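Participant: Sending over a structure as structure tokens; questions will come in a sec.
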Amino acid sequence: MSTCGVVVKGSTLMKVGDCERRLGAVEREFIQTSAISFLTPLRNFLEGDWRTISRERRLLENLRLDLDACKTRVKKAKAAEAKAAVSPDSFPRPHIFSFIRSNKSTQCVLVSTITNCLHIDHLCSARVQ
């Protein structure tokens, strides 16, 4: 009986050890896969696209302020009926075009960012299943 008990305990310990080894291998594979599939794209986004988005946001904000200032000047000139006194460089057209161009480039960056987020969401949902 004592020899049989030792054999049972020994085989059980070997099964537990084998399960622990397989669990460790799966865990290591998961960490590597998540680093490649999730962390690397996230790092690339934060280092590349996020900087571009921030820069474009600041540029758009400055252009919007310039546009608002020009519109205010035009309104004041119309109100005072001194439209001839408004200098051509303060007319808002160049600022409008500049604002629209920057707005479109920011939209393109945001569309690529949304696409990246959808890929990450797809990866996470695939991991959950």
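Any read-out appearing in this document is the output of simple, stated calculations on the displayed coordinates, not a laboratory observation. Computed from a predicted model, the values in this text were never measured in an experiment. Here the Cβ positions follow ideal geometry from the backbone for every residue, glycine too, while neighbour counts run over all protein chains shown.
Participant: Which translational diffusion coefficient, to the nearest whole µm²/s, is obtained for the range 44-83 from the Stokes-Einstein equation, given a Kirkwood hydrodynamic radius over C-alpha pairs, 37 °C and 0.692 mPa s? Don't skip to the answer; put the middle values down first.
Facilitator: Details: Rh = 12.1 Å.
Translational diffusion coefficient: 272 µm²/s.
Participant: To the nearest 0.05, what FRET efficiency results for residue 74 and residue 118 with a Förster distance of 41 Å applied to their C-beta separation?
Facilitator: That gives a FRET efficiency of 0.45.
Participant: Could you sort 25-34, 51-60 so that the peptide with the highest average Cβ count within 10 Å comes first and the rest follow in order? Don't skip to the end; give the middle numbers.
Facilitator: Working: 25-34: 10.8, 51-60: 13.7.
Descending packing order for the listed peptides: 51-60, 25-34.
Participant: Moving on to the next point. Work out from phi, with θ = phi - 60° and the Karplus expression 6.51 cos²θ - 1.76 cosθ + 1.60, the ³J(HN,Hα) of each residue of the range 9-26, listed in order in whole Hz, and give x for Gly and Pro.
Facilitator: 5, x, 5, 5, 4, 5, 5, 5, x, 5, 4, 4, 5, 5, 4, x, 5, 5
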